[in-house]
1. Among the residues of the range 173-197, what is the count of those that are of a type outside the set (A, V, I, L, M), within 30 Å of residue 639 (Cβ to Cβ) and surrounded by 17 or more Cβ atoms within 10 Å (Cβ to Cβ)?
2. Does residue 60 satisfy the criteria of being touching a Pro at 6+ places or on another chain (Cβ under 6 Å) and not β-branched (Val, Ile, Thr)?
3. Do any helices (runs of 4 or more DSSP H) entirely within the range 6-97 hold 1 or more residues that are buried (at least 23 other Cβ atoms within 10 Å of the Cβ) and among the aliphatic types (A, V, I, L, M), and if so, which?
4. Just checking, which of 618, 622 is in a helix (DSSP H, G or I) and surrounded by 18 or more Cβ atoms within 10 Å (Cβ to Cβ)?
5. Does at least one position in the range 566-583 carry a residue that is in a loop (DSSP other than H, G, I, E, B), at pLDDT below 95 and over 20 Å from residue 507 (Cα atoms)?
6. Any idea which of (1) within 30 Å of residue 676 (Cβ to Cβ); (2) crowded, with 17+ Cβ neighbours inside 10 Å; (3) of a type in the set (D, E, K, R) is the one residue 563 doesn't satisfy?
7. Looking only at the range 656-667, which residues are farther than 16 Å from residue 624 by Cα and not β-branched (Val, Ile, Thr)?
8. Among the residues of the range 292-318, write down those that are under 23 Å from the mean Cα position of the chain (by Cα), in a loop (DSSP other than H, G, I, E, B) and farther than 17 Å from residue 387 by Cα.
Amino acid sequence: MSHRTDLIKNVTIAGHGGTGKTSLFERLLFAGGAVAKAETVESGKTVGDSTPEEIERKISIHAALAHIERKGKKINLFDTPGSSDFTGDVMLTFRAAELVLLALDGRSGVQIETVKLWRNLESRAKESPPIIKPRALFVTKMDDERADFNKVLADIKEKFKIDPVTATFPMGQGADYRGVVDVVQEKAYFLQGDSLEKEGPIPAEYQDQFAAAKERLIEAAAEGDEILMEHYILMGTLDPEEIRRGLVQALGEHKYIPIFAGAALKNSGLIPFLDFIAESGPDTRTAKDVTLDSEGKKKEMPIDPDKPLAALVIKTTYDQFSGKLSWIKIVQGKLSADSEAFNVAENKKERIGKLYTCQGKKLEEVRELYAGDVGIIAKSGTLKTNDTLTAGDASVTFLPLRLPEPVHSVAVNAAAKKDDDKLGEFLLRAAEEDKTFRYVFNEETKERVISGMGELQVAIILDKIKQSQKIEVETRIPRVPYRETITKKASAEYTHKKQTGGHGQYGRVVLEIAPLPRGEQYKFVNAIFGGAISKGYIPGVEKGVLEGMASGTMAGYPVVDVEVKIVDGKEHPVDSSELAFKLASRNAFREAMRQAAPTLLEPIMNLTVFVETKYLGDVMSDLSSKRGKILGQDSVGGIEEIRAQAPQSELLRYSIDLRSITSGTGSFSVDFDHYSPISGKIADEVVKAAQAFRVQETEE
């Protein structure tokens, strides 16, 4: 069944690993009637964790999509991984959903990955144009003996600097947990064993707490509209329909953040949440996406069913039975099965066959998808993640998904050389399915390098290839892309002279080289006067210089930050050629470089580390041992953000090291900043390793 835009709600469930997201997802589907029986993660039969690797490891690795019908609305629900290794799938659901529900463990409160997700959402709101993403909070596991709702509230206020509006609150906690009070609907829901919660009147002992929460909720609703605020000031309250309308508008504009409580495994807190989303969740029609114009400037695009088709491919997967599946968010218009659309990225028409919605891995065929909905195109010919589909407008391009950069890399090759091409094929497919996973052949280091968000993500992808394709894969730490440069001026001349039967080869050049400021790369200056070398040969001179710079004289790494000046030379009326001057200048450059006090440069990376305070000392000590430089530090309620710089060579195993130091709780991001000189023992070891690599290449 297809649903109109005004009947669609999109919610993604995100948060730190272990907060019960998949259990909450499963039980919401049960409460909404989408599944007849709610399964546990341990059973390996949940809708959210359906792949072999998820079932084996008992964790979410991929985003899962399912939907329910509630009060005439279609609620699309995303379940997402909690590990930083798989944060790419969280980010794509942020793009597709109009509400982010952050799950918080009733025992642990706000944890590191939740803080990172919150900061990601906050940073989007500060962009131009701002990408406002409404959010809500759900405190899980309130039946656990260590659960403490008020303590979690205090943690939220400290770490997020917000005061959430209570939509539901628990009646007791731990062994005394009885259910929740629904502030919006003014009723209580009581535990009923394995059945869905039973509604009833609010117990007397919770009336005062309910009254205070209700007043706060009405205030939040009044902030959604000036007329409602005037009415509230005048009358001191709002009627139920005004409250509902105000909550929808205020939440859509991110003017308040509702908080819910419950115990998913006891089917508690589910119905009030679903009712809230159906009746008071953000109106999909007021949401916006972002496109890029021809100059790359961002422009808002509202979700509008009455405009021509515009849709974004948010994910690509491969199913052994259904083949290639393209997840798509419809932003404007509608998409019909057995139709044609225009793939802007490929500049060609795309034949649309069957369309689906899904309940996890189970596909459900539909005829149409309307603006605001999320569905699946099966077996598309050209579609890739981030592609834009339109009715024919080639000027529309959606802003690509906002994904983090990989932080962990390994060099790979097939143990059997005959499997190399097959390995490459499946690594490319893995990179298409998960855009935080990269696969490249590094021409400089002559290595196949795969990169991901952590050791676990990379290991799972390689295990999957091994099991499905029977390919044994060898891994090693990748070579670092060092550079060479010079530290003083020098000059050299070289004459290339070769006589053969016919025309010979002749070219003489005199070069001067000098250091450039770090990061300026290269500058070529033609300082020839008097026509010593004809202008037609100067391009050959520069080509020779660039060839010389491709492999330095110390360890064979590319040369950077050098100014090269051609000051003199000589040509022969018959034997000179562009080739002769190219060979002469290449040799002259290499000779000049030997005299210019060459030195090695290593890549320096920006590093942002998130750890619990108790691990701060160990992490700082480890960074110091890695030649790291601390640039700054922020502390927010027991979670430390460390900003540092460190050599790339010291960070090749940092995801493994940090996981060991912090018992798996720490995480980090990394990106290139600049190159910096190295000397002494470190430089000697780099040169020695480079020489050994060249010998190995020769032997192979």
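The values are calculated or read from the model by the stated rules, or taken from the named source; none is laboratory data. Nothing here was measured: the structure is a model prediction, and the numbers come from that model. Using ideal geometry, Cβ is built from the backbone for each residue, glycine included, and neighbour counts are taken over all protein chains shown.
1. 2
2. Details: touching a Pro at 6+ places or on another chain (Cβ under 6 Å): yes; not β-branched (Val, Ile, Thr): yes.
So residue 60 passes the test.
3. Values: elements: 21-31, 52-57, 87-96.
Ranges flagged: 21-31, 87-96.
4. Working: 618 fails: surrounded by 18 or more Cβ atoms within 10 Å (Cβ to Cβ).
Of 618, 622, the one residue that is in a helix (DSSP H, G or I) and surrounded by 18 or more Cβ atoms within 10 Å (Cβ to Cβ) is 622.
5. No, every residue in the range 566-583 fails to be in a loop (DSSP other than H, G, I, E, B), at pLDDT below 95 and over 20 Å from residue 507 (Cα atoms).
6. Result: residue 563 passes all but (2).
7. 659, 660, 663, 664, 666, 667
8. Across the range 292-318, the qualifying residue is only 297.
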